Protein chains: 4
Amino acid sequence: MQVVVTAVGPDNRGLADPIIHHLTGQGANIAEIQMYDHDELSLFAMLLRIDLPAESFAGLRPQLAEIGRLKRLSVRVWSPEERRQRPRLAICTTFRPEPALALLRAIRDGQIQADAAVMLGNRPHCRSLAEQFGVDWHSIGDDQGVADDEQLIALCDQYEIDYLILARYMRILSPASCWKYAGGRIINLHHGLLPSFPGMRPYHEAFASRMLTFGATCHFIVPELDAGNQIIYQSTFTVSHGMKLDDIIRRGQEDNEPHCLVEGVRRVVNREVQLHFHRVVAR
Amino acid sequence: MQVVVTAVGPDNRGLADPIIHHLTGQGANIAEIQMYDHDELSLFAMLLRIDLPAESFAGLRPQLAEIGRLKRLSVRVWSPEERRQRPRLAICTTFRPEPALALLRAIRDGQIQADAAVMLGNRPHCRSLAEQFGVDWHSIGDDQGVADDEQLIALCDQYEIDYLILARYMRILSPASCWKYAGGRIINLHHGLLPSFPGMRPYHEAFASRMLTFGATCHFIVPELDAGNQIIYQSTFTVSHGMKLDDIIRRGQEDNEPHCLVEGVRRVVNREVQLHFHRVVAR
Amino acid sequence: MQVVVTAVGPDNRGLADPIIHHLTGQGANIAEIQMYDHDELSLFAMLLRIDLPAESFAGLRPQLAEIGRLKRLSVRVWSPEERRQRPRLAICTTFRPEPALALLRAIRDGQIQADAAVMLGNRPHCRSLAEQFGVDWHSIGDDQGVADDEQLIALCDQYEIDYLILARYMRILSPASCWKYAGGRIINLHHGLLPSFPGMRPYHEAFASRMLTFGATCHFIVPELDAGNQIIYQSTFTVSHGMKLDDIIRRGQEDNEPHCLVEGVRRVVNREVQLHFHRVVAR
Amino acid sequence: MQVVVTAVGPDNRGLADPIIHHLTGQGANIAEIQMYDHDELSLFAMLLRIDLPAESFAGLRPQLAEIGRLKRLSVRVWSPEERRQRPRLAICTTFRPEPALALLRAIRDGQIQADAAVMLGNRPHCRSLAEQFGVDWHSIGDDQGVADDEQLIALCDQYEIDYLILARYMRILSPASCWKYAGGRIINLHHGLLPSFPGMRPYHEAFASRMLTFGATCHFIVPELDAGNQIIYQSTFTVSHGMKLDDIIRRGQEDNEPHCLVEGVRRVVNREVQLHFHRVVAR
């Protein structure tokens, strides 16, 4: 059984040893270990992908939670095989509703075999969308739209989320949050072609480069690394000379981006692709 | 009548004055002047776009040729309106036949309203294509494929070419050649998305960036400037994870690139776009 | 006599002809013409570098001013040879005083053979510096620090400025302003190594790239083009691992940047370098 | 005692488990684990930095060698503390002798407290340098200069090398070789400023960008990652307009590069810096 374990703590001493000891004691075979440090942040993180005898899985979560409690680590255990039939999604939004709406419709229509367990927003703009589709809504932003990352992760834990979908969620997840849900569980929609146009205004930048092709990219988030290697799906459209930037953006936002996110999430949920040593590979 | 005059000479003294004097004496209104120097090459170039009374056009070419002879400048006069119904194309090739073939077919089928006046190659690989379509063929390369740029330009002059089409022609035109046919007369097919992947191996580079979207770009050549601003048309295709690079290249070469070139040439021949101060604009 | 003429107007029709006619009628030889359009801004600009018989220079300015008045063009005539002994500088500032202070000291001490004719600021922070050195001060910013570009240019005209020195002036000059003083008259201090670190936070970016070398660049401003080709002088310093960003910035601001600007201005004032077809060349 | 263990093998199954089991059984505390895969190459690598009771170190090398033999892994054990007084260097060269010469002189003069244990070259050009300083020389290249990477590593093993110094060694080390000596043991001299000018011709590229500042970078090699994060030392020099590229290159090669390499190696040998989670940090 394929299992992902993540651990986040304040230093790299004592982060790896107790977890690795416990896992190998349970008969786990280690497929991948990654450790990260953020010395400026005093933040250390570890990701393990292991093969575990299926009968050990049930006990693993409480056992590692206990180790985490003792060692003051934030530990998570997850298997893509646990809830294989209908994984549970958290859909994070800010202003734009189109990608989230497309995703909710694709779930409703059976195109995506998953459950929209919760919707989160640092802005209230997509709240009515959640109500329309009968999905729990939580605001995770203050009056200025500053997001409470710890609340976001706590809600994902509480709702037993498999995948976090950033549907034009316009905040940067903190490294700590990213590592807590590392291993191919955070899916972002970027409204430009990666790796060429990585910034906050990819339509403007491609337009300023006088490109005629515009695109969107659905990718896993792996915060230490640029997103080029984690592309799940890309889609593009081509415009004519003289088309105004506003019209290009509208076409991208209303048509291309929603398509891109739905197809990307579908591939992940159907387990057509997976993250393997920071790279997306076909299964 | 819109007229483009180009002049190339060995220094910038005396390049501009006689030509500008003559043109303004003929009642020309100057819409654009660009001068360039390549001090390392001792090469100076000037481009003028002017509006000329139609009755002055016939005499202008011999008059400027005479000035060029006296001042030892290489001067060319061209109007996109002169041969508006069926402009004459030179199709330059190296190895790959697909884009040239697609262009010849599009001309034959009336999709592109132009004449394939001559085919040029620094390699013999596309010669049979010229024979098949009854187009004159000239080899402009030596045994190593090194192209004779002066012969290329002389042939374009001799065949009274309106547009030079670089159909996967894998040699760099010298700056002197580019300026002799400046003003939106040299159209290149680049086998990658510009400006993101400008090099000689754009498929490999996009693949190494693990992109899923690949593309081609049809653009005017303006040698002093990067090609980003001169894009005529772009087309893309998207692949799945695990598709091999060879298969991607094959799909790009056999399908996407020919389409991109044909559509780009069509837009130029139909005068849907034009070059205006180094930028492509819709007419 | 080497003369630079700039003209800025609302369209490209009628911009070039009257000025070129007049200049060639005065016996000018044209060394360089550049025309620019900014179609989004409805702004057209032209730069001429000419050689003029010295006796024609005195009359040229009022004659072209009259043409400008008739044709509604903003025309300027300037010669680096007119005030060769002591060119007049305008020093533009925002917050940081160090580069301006170093420049004023270098002028006072005879290291730079020029006059500080006026100091301009979009913020009041350097006003006392102007008072200390007895230089006229004008505020060109509103309460938010938004600069009035037209006032800036009007003051430069009024003070008969030869060179505009942007001494950590943190506003972007409008294209119209840049072209009015085109031809190598606007000198900027950028607080990073160009072309590698062009942004607003070059120290932060070089630090994030974990470079140990930091630098500053003194360059002419030519707004259509990136600044790589217009570098007058660069200076660098190297730090040790663990040096804090704040300390690096302090060292750059207090030591390296002032040195870089003073040496760059000295080279221009002494006419050791000049702008030639958008490139800095040694004289 | 700080110990670095590297293991390279043909797949990621079974790579980590036996080594980690053994190390934790010996009382090692794990400070860092990194695993890499190169699926195209069927190459998997692991790096461990551990703290080990000093008394366990002596036995560790034969024990892990035995595990490597059984599991068909290439395993290496190294401690920067083992030969702290005089680490042993392998100096790899191709054509240019200056950096190697400067290093040999700095060792001879006591500026660098290390031993030049062996010199390796894929070209014979630096052989006489080895003879002059009485250092063993091995040719690792064929007639075309193609390097035998396995021989290079075998010689480093045989000579019990602590640090591999690439002194303008113009071949790319294979990923397998890099990982065999991972953990801050391979030091490269790049003849340009990283990360701005990473290519094979950094002088030409900086010159083409019309920079006036040129530099060199001494850095650790970590092949999966760009070299920006592994900079040990950088040094620069500034030239005047009109200085010819050949003269700039000569000044860089004869003066700046040798200085850069010597200072970089000195910092590593003196353990002023070390590699920590892919980043150079001061000790």
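The values are calculated or read from the model by the stated rules, or taken from the named source; none is laboratory data. Small disclaimer: the values here were computed from a predicted structure and weren't measured. As a convention, Cβ positions derive from the backbone with ideal geometry for all residues, glycine included, and neighbour counts pool all protein chains shown. Please note that ligands, DNA and RNA were not included when accessible areas were found on the heavy atoms of the full protein model with its side chains. Shrake-Rupley method; radii C 1.70, N 1.55, O 1.52, S 1.80 Å.
So in chain B, what percent of DSSP beta bridges are antiparallel if you round to the nearest 5?
Antiparallel bridges: around 70 percent, rounded to the nearest 5.
Ellipticity at 222 nm from helices only: DSSP H runs of n ≥ 4 in chain B, each -39500 (n - 2.57), divided by the residue count, give -9000 deg cm²/dmol. The heavy atoms of D:His190 present about 20 square angstrom of accessible area, all protein chains included, probe 1.4 Å.
Restricting the trypsin sites (Lys or Arg not before Pro) of the stretch B:180-268 to loop positions (DSSP other than H, G, I, E, B) with no more than 10 neighbouring Cβ atoms within 10 Å leaves B:Lys244. Where the centre of each part is set by its Cα atoms, how far does the stretch C:250-280 sit from the stretch C:23-58, in angstrom? Going from one Cα centre to the other spans 26 Å. Helix A:98-108 and the longest principal axis of the Cα set of chain A meet at an angle near 60°. Of the residues D:His22, C:His191, the one with the largest accessible area comes first in the ranking D:His22, C:His191, computed with a 1.4 Å probe on protein heavy atoms.
Normalised per residue, the accessible area of the stretch D:82-226 is 40 Å², obtained with a 1.4 Å probe and no contribution from ligands, DNA or RNA.
By the scheme Lys and Arg +1, Asp and Glu -1, what is the net charge of all other residues having a beta-carbon under 10 Å from that of D:Ile140? Local charge sum for D:Ile140: -2.
Going from the isolated chain to the complete set of protein chains, the stretch D:13-38 loses at least 50 Å² of heavy-atom accessible area (1.4 Å probe) at D:Asp17, D:Ile30, D:Ile33, D:Met35, D:Asp37. The charge dipole of the protein assembly as shown, taken about its Cα centre with unit charges on the Cβ atoms of Lys, Arg (+1), Asp and Glu (-1) only, comes to about 0 debye.
Lys and Arg at +1, Asp and Glu at -1: add these up for the other residues within a Cβ distance under 13 Å of B:Asp149 and post the number. The answer is -2. Of the trypsin sites (Lys or Arg not before Pro) found in the stretch A:28-103, those that fall in a DSSP loop while having at most 15 other beta-carbon atoms within 10 Å are A:Arg72, A:Arg83, A:Arg84.
Using Cβ point charges alone (K and R +1, D and E -1), the dipole size of chain B about the Cα centre works out to roughly 500 debye.
Local charge sum around A:Ala90 (other residues, Cβ-Cβ under 12 Å, Lys/Arg +1, Asp/Glu -1)? Residues near A:Ala90 contribute -3 overall. Pairs exceeding 18 Å between alpha-carbon atoms, taken from A:Lys180/C:Lys244; D:Lys71/D:Lys180; C:Lys71/C:Lys180; B:Lys180/D:Lys244: A:Lys180/C:Lys244; B:Lys180/D:Lys244.
Taking both sides together, what accessible area is buried at the C/D interface, probe 1.4 Å, expressed in Å² and rounded to the nearest 100?
That pair of chains buries around 2100 Å² in total.
Among beta bridges from DSSP that stay inside the protein assembly as shown, the antiparallel ones total about 70%.
Seen from a random direction on average, the alpha-carbon convex hull of the stretch C:1-69 projects onto 4.2 square nanometres. Just to be sure I understand: of the beta bridges DSSP finds with both ends in the stretch D:48-178, what percent are antiparallel, rounded to 5? Beta bridges within the stretch D:48-178, antiparallel portion: roughly 5 percent. Placing D:Asp17, B:Asp142, B:Asp255 in order of accessible area, with the largest value first and a 1.4 Å probe, yields B:Asp255, B:Asp142, D:Asp17. Overall, the accessible surface of chain C at a probe of 1.4 angstrom is composed of carbon and sulfur to the extent of 47 percent.
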